[in-house]
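Notes to accompany the following structure.
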Amino acid sequence: MVAVVIDITQRKAAETALRASEQQLKELLRLKDDFIGIASHELKTPVTSMKAYAEIVKESMEQLGDKQNSYLLSRLNQQIDRLTTLIRHLLDTSRISEGQLQLVFENVDLNSLLLDRVDEIKRTTNHQFICHLGKLPAVQGDRERLSQVMTNLISNAVKYAPASTTITVFTELQEATVKVTVQDEGPGIAVADQQKIFEKFFRSAGKTENAFQGMGLGLYITAQIIQKHGGALTVQSEPGNGASFSFTLP
Ligand SMILES: Nc1ncnc2c1ncn2[C@@H]1O[C@H](COP(=O)(O)OP(=O)(O)OP(=O)(O)O)[C@@H](O)[C@H]1O
Ligand SMILES: [Mg+2]
């Protein structure tokens, strides 16, 4: 009888302790999200000003014909762009955790959005681009966010596939869904990692993790944006034979 009472008392104490640590963990996670949200928000303003000043100085250097300083300033601009993307990823991640990722829906022509993205990214790399664009109806979506999705997928292809390889983008209409695919000729993704890459902060271990900068947020944000549109993001890859990312939208 005594033994049974002790057992129940011990179990209750253990349950109370477990609930307390769960509560503590939740509170810590909330503080972490708050920190990421506040820090990224505060970093955004000075970085935006830095970018504006750097652009102005670069233009004056170009007008003066000062090639060396123009080159240095274009490198500075590239690094500021990179910083802006990192801050944007952190801000978006914090918005997603708080359920604050808002979409503004309008009619979007996916083909022209995709061509704009390809044209812009093409200028920054020597990868070859091929576009196979099917005839698509306008979709209801958030233009800015869908553009961000395309940028993330194409930038990953550029980042992970070796220079001068080909990146192919496809669009097609499949019954009531439109499908956009970005295919590269890079190292591909290990089968065990193929679901994990959509998780927050996940980066494949090994060569790519050390050789390329990144926080492992691009695909997480991309998947969340597509989900909020009622669509799906998938990956197909045979390691060593490139990767192909597709998203569908209703
Ligand atoms: N096209 C690709 N080819 C090979 N591996 C890829 C490709 N796209 C993504 N990955 C793998 O998936 C991981 C997660 O990608 P994700 O875009 O989320 O993060 P990241 O590129 O590491 O950093 P960032 O937050 O700057 O985007 C990458 O670290 C990489 O290992
Ligand atoms: Mg990425």
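For I167, which sequence-distant residues (separation of 5 or more, or a different chain) have an amide H within less than 5 Å of its own amide H, given hydrogens modelled in the peptide plane?
Residues meeting the amide H criterion: Q128, F129, I130.
By the gyration tensor of its Cα atoms, with a ≥ b ≥ c the square roots of the eigenvalues, what is the shape of segment 69-130: rounded for a/c under 1.5, prolate for a/b over b/c, or oblate?
oblate
If each DSSP helix of 4+ residues adds -39,500 (n - 2.57) and the sum is divided by the residues in the chain, what number results at 222 nm, nearest 500 deg cm²/dmol?
Theoretical 222 nm ellipticity from helices: -19500 deg cm²/dmol.
For segment 106-249, just list the percent of Cα-Cα distances falling in each 5 Å bin from zero outward, please.
2, 10, 21, 24, 21, 15, 6, 2, 0
Residues of segment 179-193 with amide nitrogen under 18 Å from the 7 Å Cα-to-Cβ point of K159?
Only 182-190, 193 fall inside the zone, counting backbone N under 18 Å.
List the GluC sites (Glu not before Pro) in segment 51-152 that DSSP assigns to loop (not H, G, I, E or B) and whose Cβ has at most 16 other Cβ atoms within 10 Å. Which are they?
Those that pass, being in a loop and sparsely packed, are E98.
For S40, what is the net charge nearby, where nearby means another residue's Cβ is under 13 Å from its Cβ and Lys, Arg count +1, Asp, Glu -1?
-1
Report ³J(HN,Hα) in whole Hz for each residue of segment 178-183, in order, from the Karplus equation J = 6.51 cos²θ - 1.76 cosθ + 1.60 where θ = phi - 60°; Gly and Pro get x.
So the J values, rounded to whole Hz, are 9, 10, 10, 10, 10, 10.
Expressed as an acute angle from 0 to 90° and rounded to the nearest 10, what is the orientation of the C-alpha long axis of helix 110-122 relative to the principal long axis of the chain?
70
What angle, in degrees between 0 and 90 and rounded to the nearest 10, separates the Cα long axis of helix 67-97 from the longest principal axis of the Cα atoms of the chain?
It works out to around 30 degrees.
State which stretch of the chain is the longest one without any exposed trypsin sites (Lys or Arg not before Pro), exposure meaning a DSSP loop state and at most 15 other Cβ atoms within 10 Å. If you can, show how the numbers build up before the last one.
Working: sites that count: R123, K135, K200.
In short, 1-122.
Classify segment 32-137 from the C-alpha gyration tensor, please: rounded if a/c falls under 1.5, else prolate or oblate depending on whether a/b exceeds b/c.
Note, shape of segment 32-137 comes out oblate.
Check which residues have an amide H placed less than 5 Å from K200's amide H, if you skip close sequence neighbours.
The list, which skips near neighbours in sequence, is empty: none.
Identify all aspartates and glutamates with a Cα-Cα distance to K12 below 20 Å; exclude those on the same chain that are fewer than 8 residues away in sequence.
Within the straight-line cut-off, K12 pairs with E22.
Looking at the chain, what % of the alpha carbon pairs are farther apart than 26 Å?
I get 52 percent for the Cα pairs in the chain exceeding 26 Å.
Residue-wise, which Karplus ³J(HN,Hα) couplings in Hz belong to segment 143-150, taking 6.51 cos²θ - 1.76 cosθ + 1.60, θ = phi - 60°, and x for glycine or proline?
Per-residue couplings from phi come out as 4, 4, 5, 5, 5, 4, 4, 5 Hz.
Read the figures in this text as sums done on the coordinates, not as results from a lab. Being a predicted model, the structure only gives us computed values, none of them experimental. Neighbour counts are summed over all protein chains in view; Cβ atoms, including those assigned to glycine, are modelled from backbone coordinates with ideal geometry.
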